[in-house]
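A short write-up of the structure that comes next.
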Amino acid sequence: MNRLFIWVLFLLFMISCQSPRAQRQTWYKGNTHCHTLVGDGDMHPFQVVEWYHDQGYHFLVLSEHNTFITPDTVQLPDNPREDFILIPGEEVTDRKHVHTTAMNISGYVPYSNDPALPETMREQNESLSKSELLQMHVDSVRSRGGITFLNHPNWRSGLQVEDIHAVSDLRFLELYSGHSAVNNWGNENHISVEEKWDELLSRGHTIYGIAADDAHDYYEWQQPECNPGRAWIMVQSDVLSADAITQSVAEGRFYSSSGVILEQVTVDETQYRVKIDTAQSRKEIEKLLFAPRLDRDGQEGFTIDFIGDNGRVLETSHSLEAVFQFDREKYVRCRVTFARQTPKGVAKYFCWTQPVWPDRL
């Protein structure tokens, strides 16, 4: 009996010593960027909240342009689910196309030429570069207890890698946006946002990739509109609360999706493992009226790519589960693609896991 008692105590001790990452097994779906009639969206806040609630999301940030939105000011749906929350936020909208999401802030974050600022400060801010404007956002959001996402860096003149590289403590960029005009895949003025991400990672930045709707249009559903439900993040947390979700995001315990759902993402000192949830992925993809990317060609089905320094594909698998063994890589991240043939071309849907740095494990 004594031996059995000691063995039970040993097991309990080992369980208690597991890392927090290993114990947090609940995945929560959320969107960090959308608009309502308070800003330049076309639906009332309570209706937007109801849409995301009814679509099974667990958390939502209403990110209006230079307007701080707190949960207690927004009407929730009748009989709201217990596993649905609103997180305070704002889209800090500045000159030179510098936009950021301020997530889980305690109060309003001003922009560079905010009328509420002293005139002398506004005049000084007129000369700020894009890097300096973005740095101001990062510092101001941190002072209000939140985290900063650089939004749609390829929109219009946007921000180039050099602009972002000069900024300290920026930990997130909007890797994929559901907005129809933000050039996720690049254009004549920009490389793709994913390429920018890899270049920043290769230069030593610790930066995570966000996917978000940036929804504005809720009534008319067609490709040029900015409809909801096109991109989201899946966050791993043991508690559904604004602080817990924000902490998990800050620690990189999430992945970004435009349709593909994962059953498992695990990392230890030697390997990176990813397993696709095919049933949930197909369920999510069937909800999407528009593909995030149409190509002329591509292999149908699922593809898992492990990606490293300078965006180099380290290993590719067409299985539903893949394991990458670390071998002195600077960083490793994973992109999962689902492709299917359509009359307009090969429609591709994605998820992006976060980079890990083997020498930090």
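The values are calculated or read from the model by the stated rules, or taken from the named source; none is laboratory data. The shown structure was predicted, so the numbers you read here are calculated from the model rather than taken from an experiment. Using ideal geometry, Cβ is built from the backbone for each residue, glycine included, and neighbour counts are taken over all protein chains shown.
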Over region 139-188, the set of residues of a type in the set (G, A, S) and in contact with a His (Cβ under 8 Å, 6 or more places away or on another chain) is S157, G158, S177
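One line per residue, one yes/no per condition, for (1) buried (at least 20 other Cβ atoms within 10 Å of the Cβ); (2) touching a residue at least 60 places away in the same chain (Cβ under 8 Å); (3) of a type outside the set (S, T, N, Q):
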| residue | (1), (2), (3) |
| --- | --- |
| V182 | yes, no, yes |
| G186 | no, no, yes |
| W197 | yes, no, yes |
| Y218 | yes, yes, yes |
| A242 | no, yes, yes |
The residue from G311, G345, G298 that alone is surrounded by fewer than 19 Cβ atoms within 10 Å (Cβ to Cβ), in contact with a helix residue (DSSP H, G or I) (Cβ under 9 Å, 6 or more places away or on another chain) and closer than 30 Å to S180 by Cβ is G311
In region 334-346, anything farther than 18 Å from E194 by Cβ and of a type in the set (G, A, S) is listed as G345
- Task: Within region 215-228, identify whether any single residue is at pLDDT 95 or above, in contact with a Phe, Trp or Tyr (Cβ under 9 Å, 6 or more places away or on another chain), polar (S, T, N, Q) and not in a loop (DSSP other than H, G, I, E, B), and answer yes or no.
- Result: no
Within region 167-212, residues under 13 Å from R333 (Cα atoms) and out of contact with any helix residue (DSSP H, G or I) (no Cβ under 7 Å at 6 or more places or on another chain) come out as E194, W197, L201, T206, Y208
- Query: Can you spot a residue in region 151-172 that is hydroxyl-bearing (S, T, Y), surrounded by 23 or more Cβ atoms within 10 Å (Cβ to Cβ) and touching a residue at least 24 places away in the same chain (Cβ under 8 Å)?
  - Reply: no
Within region 59-75, residues of a type in the set (F, W, Y) and assigned to a strand (DSSP E or B) come out as F59
Verdict on Q236 being in contact with a Lys or Arg (Cβ under 9 Å, 6 or more places away or on another chain), in a strand (DSSP E or B) and either buried (at least 18 other Cβ atoms within 10 Å of the Cβ) or not assigned by TED's automatic domain parsing to the domain that holds G301 (or both):
yes
Note: among S63, S106, S112, just one is closer than 30 Å to K283 by Cα and hydroxyl-bearing (S, T, Y), namely S63
The one condition I210 fails out of (1) in contact with a His (Cβ under 7 Å, 6 or more places away or on another chain); (2) assigned to a strand (DSSP E or B) is (1)
Checked D78, D114 against criteria (touching a residue at least 40 places away in the same chain (Cβ under 8 Å), over 20 Å from C34 (Cα atoms) and part of a loop (DSSP other than H, G, I, E, B)); the one match is D114
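Okay, residues lined up against (1) assigned by TED's automatic domain parsing to the domain that holds W185; (2) in contact with a His (Cβ under 8 Å, 6 or more places away or on another chain); (3) within 23 Å of V235 (Cβ to Cβ); (4) β-branched (V, I, T):
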{"position": "R293", "(1), (2), (3), (4)": "no, no, no, no"}
{"position": "G301", "(1), (2), (3), (4)": "no, yes, no, no"}
{"position": "P343", "(1), (2), (3), (4)": "no, no, no, no"}
{"position": "Q354", "(1), (2), (3), (4)": "no, no, yes, no"}
Of the residues in region 78-111 that are more than 20 Å from the chain's Cα centre (by Cα) and surrounded by 21 or more Cβ atoms within 10 Å (Cβ to Cβ), the one that is farthest from I164 (Cα to Cα) is V109
Being of a type in the set (S, T, N, Q) and free of Cβ contacts under 8 Å to residues at least 12 places away in the same chain narrows Q247, Q271 down to just Q247
